[in-house]
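The values are calculated or read from the model by the stated rules, or taken from the named source; none is laboratory data. Bear in mind the structure is a predicted one, so any value in this text is a computation, not a measurement. Quick reminder, even Gly has a Cβ in these numbers, built from the backbone with ideal geometry, and neighbours come from all protein chains shown. Calculation scope for accessible area: heavy atoms of the full protein, side chains included, ligands and nucleic acids excluded. Shrake-Rupley method; radii C 1.70, N 1.55, O 1.52, S 1.80 Å.
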Amino acid sequence: MTLATFDRSAGAVPQDRVAAARRLSLWLALLLACVMAASLAIGAAGTNLWSALLSLARGEALSVVDRTILWDIRLPRTLMGALVGAALAVSGAVMQGLFRNPLADPGIVGVSAGAGLGAIAAIVLGASLLPAAVMAALGAYLVPLAAFAGGWLSTIVLYRVSTRGGRTSVATMLLAGIALGALAGAVSGLLVYAADDQQLRDLTFWGLGSLAGATWAKLLAAAPIIALALVGAPLLARGLNALALGEAAAGHLGIAVERVKTLAILAVAGATGAAVAVSGGIGFIGIVVPHLLRLASGPDHRALLPNAALLGASLLLGADLVSRTVISPAELPIGIVTAILGAPVFLWILLRRRMVVDL
Amino acid sequence: MIFAGHDITVTLGRRAILHGAAFEARAGQLTAIVGPNGSGKSTLLRALCGEVPFTGYVTVNGQDTARLKGWELAALRAVLPQAATLAFPFTVIEVIRLGLTAGTSAGRDRLTLRALDTVGLAGYAGRFYQELSGGEQQRVQLARVLTQVWEPVAQGMPRWLLLDEPVSSLDIGHQLLVMRLLRDYARRGGGVIAVMHDLNLTAMFADAVRMVHDGRIIAAGAPAEVLTDAILSRAYGCALRVNRAPAGQATWLLPHMASA
Ligand SMILES: Nc1ncnc2c1ncn2[C@@H]1O[C@H](COP(=O)(O)OP(=O)(O)OP(=O)(O)O)[C@@H](O)[C@H]1O
Ligand SMILES: [Mg+2]
């Protein structure tokens, strides 16, 4: 694979990895376009994208079946896969920059679990706790917003617990993340007991993590939050670069450290929360993508963040393609695919970087 | 123009670490802060650069630092910490580029290479920071700090280097290289404030010395005024005797000559 062929041992490190990263962006954009096309073209139903496009080009109307499959099923699923993948990868990259650690991933340190708790609480308790007017006003945004709030709270607690005097302890971060994740999981479990049948059906896809529930309504509810986080994240790039030197040194470089931290936490919570709200917990994209990109073109966040969005989108769509073709017409939960790909990479990072990461 | 701390008191946890210290350094001079381990040198420097909460106030070139924004301060002074960490596999040139407060235009990129050259690391640009030796890493950090305030004087105002033990992991050749570099920065109108442990280098290169002991500045003045038998023996808790080089200039001192 082209990304991993970058050889660090031969002393062949280019002095300017910024240019390499720019070129990489072009390739990644191309890759995303191809994967999106494939995602539209391939599926359990035999609809053929090309013949559909040809007939559209000839000015003919699509058959109802083709129209439903392409427009109501595959297109929202493809767009949602791209958005969620980008959101997961970028929030992983931002979180790693914030915690100054390559192992910080929303899925691993309990932020996804917190977001999931927020979403489940909204589904189960929303109707009984909130006035009907508020429920109606929020509509489809209720669940993503609640997930955002849950992710935001867990990120703040995590940062407070694991950062002392501007330095983050990795061991504390991972342990606190485990505790947070367990707590959120337990409370979520309690809520599931309280759920009625309809709510249970709403909840089932959470544990699996899947893009199968993609609809235009869900897409439109999640898209603004994710888009905001994706557009805002690159503005943090310079601050996150400086933070690699530690909070104090970043401050001496003129970075408004507190503001960068607050915005980074909001971006992580927004992107993770919205992604979790529409697709459940999908793990490991947030850790694999930034790590591969750092190997390929360096840790500079100005290139890392946009490239992470592109590669994350491609990777999740690719995993989704696998998940819905290997045992077609049934579907493998996508979380299984990303975990099979991602968990070994995570272990490999741990092994290789034990000296660099101060565990 | 001066860099001054007035009545600086720092309390960390429940311990008072600095007790109303008064500090002053002049532009055009290399001011050394010396004193035993744990006396509060780093804490004083961290208070001067606003890194720890303190009571009292600090002025740079006559301006109260509490009224300056982060980026305004960053244009006036750069800070080298006693211990530096780096989270991700940046290359040397990328670390130094972090010192550029604005973007990386081609002209300024040449600056980063020049900074690398002045600390004796020409040719290291593409190496990974984490794969360098301790002394090489320290010089990369110094180059980063130099890049941040490259011109000693900007818009008629002196700029400042605040360095916590800049030569602590360097060999004797690079110690001299860096001390000459710092003295040159001061000669060209900038201000240098450096925490030092090596009293001989301090005597050779410093224009002014501040002796910190137990959270107080117990002596301030020219090297010959501060580095005396009485003050050194009191501060370091062992009987030390200073000497003059035959040429009659700098003070020197050997550990051999200490009596218990
Ligand atoms: N964060 C902290 N919390 C509590 N006490 C601290 C903290 N940082 C430093 N101290 C204490 O303050 C005192 C002064 O520390 P400081 O780092 O300023 O010493 P120093 O003079 O720079 O010593 P050295 O020569 O070893 O670098 C020490 O006794 C130290 O234990
Ligand atoms: Mg110190």
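So B:Thr112 passes all but one of these: (1) at pLDDT 90 or above; (2) within 14 Å of chain A (Cβ to nearest Cβ). Which condition number does it fail?
(1)
Go through (1) more than 14 Å from chain B (Cβ to nearest Cβ); (2) buried (at least 21 other Cβ atoms within 10 Å of the Cβ); (3) polar (S, T, N, Q) and name the single condition A:Ser297 misses.
Every listed condition holds for A:Ser297 apart from (1).
May I ask you to list pairs of residues, at least six apart or on different chains, whose Cβ atoms are under 9 Å apart, with the first in the stretch B:108-126 being more than 22 Å from B:Pro89 (Cβ to Cβ) and of a type in the set (Asp, Glu) and the second being modelled with pLDDT of 90 or more and not in a loop (DSSP other than H, G, I, E, B)?
The qualifying pairs are B:Asp117/B:Ala143.
Against the conditions (1) within 22 Å of the chain's Cα centre (by Cα); (2) at the interface with chain A (Cβ under 9 Å from one of its Cβ atoms); (3) not aliphatic (A, V, I, L, M), where does B:Asp117 fall short? Just the number, please.
Exception for B:Asp117: condition (2).
Just to verify a result, which residue in the stretch B:46-62, among those that are over 16 Å from the mean Cα position of the chain (by Cα) and open to solvent by less than 30 Å² (accessible area, probe 1.4 Å), is modelled with the lowest pLDDT?
B:Val52
Among the residues of the stretch B:72-90, what is the count of those that are at the interface with another protein chain (Cβ under 7 Å from one of its Cβ atoms), within 16 Å of ligand 2 (Cβ to nearest atom) and open to solvent by less than 30 Å² (accessible area, probe 1.4 Å)?
1
Anything in the stretch B:25-45 that is within 14 Å of chain A (Cβ to nearest Cβ) and either surrounded by 23 or more Cβ atoms within 10 Å (Cβ to Cβ) or not in a helix (DSSP H, G or I) (or both)? List them, or say none.
B:Leu45
Only residues that are open to solvent by less than 10 Å² (accessible area, probe 1.4 Å) and more than 28 Å from B:Gln155 (Cβ to Cβ): list them for the stretch B:1-24, please.
Hits for the stretch B:1-24 are B:Val10, B:Leu18, B:Ala21.
Does the stretch B:154-174 hold any residues that are touching a helix residue (DSSP H, G or I) at 6+ places or on another chain (Cβ under 9 Å) and in a helix (DSSP H, G or I), and which are they? Don't jump to the end; show me each part of the working.
In the first step, residues of the stretch B:154-174 are kept if they are touching a helix residue (DSSP H, G or I) at 6+ places or on another chain (Cβ under 9 Å); the result is B:154, B:157-171, B:174.
Hit for the stretch B:154-174 is B:His174, nothing else.
Among the residues of the stretch A:235-250, is there at least one that is more than 14 Å from every other protein chain (Cβ to nearest Cβ) and out of contact with any Ser or Thr (no Cβ under 6 Å at 6 or more places or on another chain)?
Yes, the stretch A:235-250 has at least one match.
Answer yes or no as to whether B:Glu94 is within 11 Å of another protein chain (Cβ to nearest Cβ) and within 20 Å of the chain's Cα centre (by Cα).
Numbers: within 11 Å of another protein chain (Cβ to nearest Cβ): yes; within 20 Å of the chain's Cα centre (by Cα): no.
Spelling it out, it is not the case that B:Glu94 is within 11 Å of another protein chain (Cβ to nearest Cβ) and within 20 Å of the chain's Cα centre (by Cα).
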